[in-house]
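The structure under discussion appears below in the form of structure tokens.
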Amino acid sequence: MTTPGPWSAPHVPWFGGDYNPEQWPEDVWVRDVELMRAAGVTLATVGVFSWARLEPRPGEYDLDWLGRVLDLLHGGGIAVDLATATASPPPWLARLDPASLPVRADGSRLWPGSRQAYCPSSTTYRERSLALVERLATRYADHPALVLWHVGNEFGNHVAECFCDRSAERFREWLRDRHGGIEALNAAWGTAFWSQHYSDWAEVLPPRATPTFGNPGQALDWRRFCSDELLGHYLAERDLLRRHSALPVTTNFVGFWPELDYSSWAPHLDVVSQDTYQDPADPRTHVDAAMVCDLMRGLGDGRPWLLMEQTTARVNWRERNVAKRPGQYRAWSLQAVARGADAVLHFQWRQSTAGAEKWHSAMVGHDGEPRADVAALGAELAALTGVTGQPVHGRTALVFSWPSWWAQAQPAQPAAELDHLTEARRWYAGTWDEGLTVDVVRPGADLTAYALVVLPTVYLLADAEVAALEAYVAGGGTLVVGCWSGLVDDRDQVPVGRYPARLRDLLGVTVLEHLPPAGPVTVELAGDRHQVAVWSERLAPDPGTEVLGSYAGGELDGCPAVTRHGRVFYASAPLPPAGTRAVLAAAAAAAGVGPALAGLPPGVEAVRRGDSLFLLNHTDAPVELVVGGEPVRLAARDAVVRRAP
Ligand code: GLA
């Protein structure tokens with residue numbers, strides 16, 4: 001049994017990436033370790049896609065080569081995050097059990113030849129993957145190079161659901177656990193509608209392709225089931241690893257991944273890890289990346305997390321793969337560290353010469369040499385003491401809910417374009433522009449540490465989640481609520497009563513009508529006019545609720561649009577950036593929260609982590625800041641780390 005490695009408190013951020021030695025002859029492994037040392041690599045993730053090499057034929061294992069890789073890395077002083085290699089089964093699995101291949105909603109089956117071709121409910125996949133993990137753990141759990149286990153890879157990317165008969169059986173089992181009897185299921189799904197009543201469990205199916213809109217309650221439970229089904233694989237591997245090893249276990253997340261409820265996964269990870277691929281073609285990509293960092297911190301209850309993958313320059317899976325511009329690779333790496341990452345890792349160490357990712361940048365290019373910017377970043381991180389293990393200081397929270405996202409994404413909503421993630425990003429961007437440091441948290445989280453909470457179009461709220469918001473406001477918290485929030489319960493059913501039933505009393509406002517407009521609508525707020533698309537509402541504020549902004553022109557001319565009830569702000573329309581900022585500025589003033597550094601120019605980010613102040617200039621021009629009375633100059637796309645004043 002191993003004891004935990006130096007994981008919990010690395011002295012400086014880990015630096016490294018996915019290492020896929022099976023793609024290279026052994027003499028290259030020796031060279032790789034030399035090059036890694038020269039580039040400042042301290043951690044390698046080994047074996048993510050090695051199953052076919054580790055078990056070339058069913059039950060025939062070849063693990064010796066992996067031992068040689070681990071020995072070489074250890075000899076070079078490089079720690080290992082050992083993958084369980086179950087992310088992608090070899091082609092023999094499909095031959096052994098063709099039913100292990102995933103089936104789409106229309107009944108068509110996917111084939112091997114790519115990656116991740118397995119049905120999440122396949123018992124063959126489960127048995128064979130656990131057999132492999134058992135071998136790996138028995139053989140290498142005590143290898144001195146290991147500091148971390150890496151289960152699977154980006155679960156749910158690319159197959160998050162399967163509609164086969166085996167999945168249908170598993171879905172029924174899951175539904176029985178959740179609802180008990182068939183009549184409870186009928187009640188939860190509202191099957192009195194459209195003659196959908198089930199009289200026998202055998203009639204209950206996954207939401208396969210149907211003539212028109214399916215049942216939204218069924219679709220919501222399906223999403224929950226699919227997330228849990230993959231979580232079951234993670235847990236099975238983790239539990240097996242725990243029997244052999246006390247090292248921490250992780251699996252890599254992918255930000256706001258639509259199909260897995262990471263807030264239900266995260267408590268089972270010893271350390272949260274994340275793969276981030278900004279789009280350099282998007283001039284605001286650093287804002288979305290910041291939000292993902294803040295989600296990872298929120299998922300880990302504030303604990304440090306690991307940037308498990310990023311690219312050095314380009315990916316290869318967009319239509320046009322724009323490379324990071326000079327400075328961005330370094331600045332975006334430091335952004336992750338500023339926002340709680342204790343590791344800066346990459347996909348991948350050495351760029352492949354064959355296969356689907358040969359045009360994806362890596363730490364070592366096709367010329368066989370580490371990139372200069374990689375070595376420079378490795379050296380810089382090696383000197384970055386006093387940051388790892390430290391908390392990030394944020395007093396603002398933004399609530400993100402996967403079940404609400406799923407429920408709202410069902411068809412037959414008033415406006416399909418109104419989307420939870422889009423609205424969450426809208427509000428987050430406002431907090432970023434205001435310079436506030438935000439934790440992205442799950443609904444129902446303990447909010448007592450926060451002075452300001454933003455609830456961005458959270459359509460579905462469970463009872464406990466409503467109670468958490470009520471307790472937070474009763475305790476003196478300031479709450480900002482976006483339109484179309486609190487409409488339904490956790491079965492996606494609308495309570496009888498005035499809208500929005502779940503939040504009406506907190507808001508001090510009744511929504512009389514939801515009015516997606518045919519064209520743009522104007523909202524007047526704090527002396528400015530803002531054009532709004534997609535959504536508007538007719539509001540009836542309670543006596544005592546203040547009107548901060550009103551609709552101007554059109555049918556809603558003069559009607560309230562933005563309100564304040566005590567410490568609860570409500571925006572009935574998705575406001576453009578300036579309007580969103582105006583609401584947030586008023587709420588932040590009421591809550592007494594402000595930026596990590598006052599007077600930040602647009603496009604410049606300041607984040608405090610522990611005693612360090614990270615300053616990041618995302619613009620293409622130099623900027624001058626004043627920190628503790630001293631001038632600080634940042635070049636375009638530059639970053640500096642200072643002691644916080
Ligand atoms: C994901 C995967 C990696 C690789 C990269 C490419 O993050 O985990 O294996 O495919 O994408 O960007």
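The single condition among (1) surrounded by 24 or more Cβ atoms within 10 Å (Cβ to Cβ); (2) under 21 Å from the mean Cα position of the chain (by Cα) that MET363 does not satisfy is (2).
Go through ASN157, ASN153, ASN186 for me and flag whichever is within 16 Å of the ligand (Cβ to nearest atom) and surrounded by fewer than 19 Cβ atoms within 10 Å (Cβ to Cβ).
Values: ASN153 fails: surrounded by fewer than 19 Cβ atoms within 10 Å (Cβ to Cβ); ASN186 fails: within 16 Å of the ligand (Cβ to nearest atom).
Answer to the selection: ASN157.
Checking each residue in the stretch 296-313 for being in contact with a strand residue (DSSP E or B) (Cβ under 8 Å, 6 or more places away or on another chain), in contact (Cβ under 8 Å) with a residue 40 or more places away in the chain and within 16 Å of the ligand (Cβ to nearest atom) picks out MET296, LEU306, MET308, GLU309, THR311, THR312.
Within the stretch 314-343, how many residues are under 14 Å from ASP373 (Cα atoms) and away from the ligand (no atom under 15 Å from the Cβ)?
Here the count works out to 8.
Test THR285 against the stated conditions and say whether it is under 21 Å from VAL440 (Cβ atoms) and polar (S, T, N, Q). For THR285, the condition - under 21 Å from VAL440 (Cβ atoms) and polar (S, T, N, Q) - is met. Within the stretch 352-364, which residues are within 12 Å of the ligand (Cβ to nearest atom) and under 15 Å from TYR329 (Cβ atoms)? Result: HIS360, SER361, ALA362.
Inspect all residues belonging to the stretch 411-418 and state whether any of them is of a type in the set (A, V, I, L, M, F, W, C), more than 20 Å from GLU259 (Cα to Cα), outside the structural domain of GLY610 (by TED's automatic domain parsing) and touching a helix residue (DSSP H, G or I) at 6+ places or on another chain (Cβ under 6 Å). Looking through the stretch 411-418, none of the residues is of a type in the set (A, V, I, L, M, F, W, C), more than 20 Å from GLU259 (Cα to Cα), outside the structural domain of GLY610 (by TED's automatic domain parsing) and touching a helix residue (DSSP H, G or I) at 6+ places or on another chain (Cβ under 6 Å).
Being crowded, with 19+ Cβ neighbours inside 10 Å, in a helix (DSSP H, G or I) and among the β-branched types (Val, Ile, Thr) is a condition met by no residue of the stretch 597-609. Counting only strands (runs of 3 or more DSSP E) that fall entirely inside the stretch 440-521 and contain at least 2 residues that are of a type in the set (D, E, K, R) and under 23 Å from the mean Cα position of the chain (by Cα), no element qualifies. Within the stretch 171-181, the set of residues being at negative phi and either open to solvent by less than 70 Å² (accessible area, probe 1.4 Å) or not basic (Lys, Arg) (or both) comprises PHE171, ARG172, GLU173, TRP174, LEU175, ASP177, HIS179, GLY181. Just so you know, in the stretch 250-285 the residues that are in a loop (DSSP other than H, G, I, E, B) and among the polar types (S, T, N, Q) include one that is farthest from GLU134 (Cα to Cα), and it is GLN278. Could we say that LEU247 is part of a helix (DSSP H, G or I) and farther than 24 Å from ASP446 by Cα here? The answer is no for LEU247. The set of residues in the stretch 427-446 being out of contact with any Gly (no Cβ under 8 Å at 6 or more places or on another chain) and under 24 Å from VAL607 (Cα atoms) consists of TYR428, ALA429, GLY430, THR431, TRP432, ASP433, GLU434, ASP446.
From the list PRO120, PRO98, PRO91, PRO56, the lone residue that is away from the ligand (no atom under 16 Å from the Cβ) and within 25 Å of the chain's Cα centre (by Cα) is PRO120. Of the helices (runs of 4 or more DSSP H) lying entirely inside the stretch 1-108, the ones with 3 or more residues being open to solvent by 20 Å² or more (accessible area, probe 1.4 Å) and over 21 Å from SER273 (Cβ atoms) are found at 26-39, 64-75, 91-96. THR191: touching a residue at least 24 places away in the same chain (Cβ under 8 Å), in a loop (DSSP other than H, G, I, E, B) and more than 19 Å from the chain's Cα centre (by Cα), yes or no? The answer is yes for THR191. A single member of ASP221, ASP261, ASP275, ASP239 is out of contact with any Ser or Thr (no Cβ under 8 Å at 6 or more places or on another chain), open to solvent by less than 40 Å² (accessible area, probe 1.4 Å), charged (D, E, K, R) and away from the ligand (no atom under 16 Å from the Cβ), and it is ASP221.
The values are calculated or read from the model by the stated rules, or taken from the named source; none is laboratory data. As the structure is a computational prediction, the values presented were derived from the model and not from experiment. Methodologically, a virtual Cβ is constructed for each residue, glycine included, from the backbone with ideal geometry; neighbour enumeration extends over all protein chains shown. These accessible areas exclude ligands, DNA and RNA; they are computed on the full protein's heavy atoms, side chains included. Shrake-Rupley method; radii C 1.70, N 1.55, O 1.52, S 1.80 Å.
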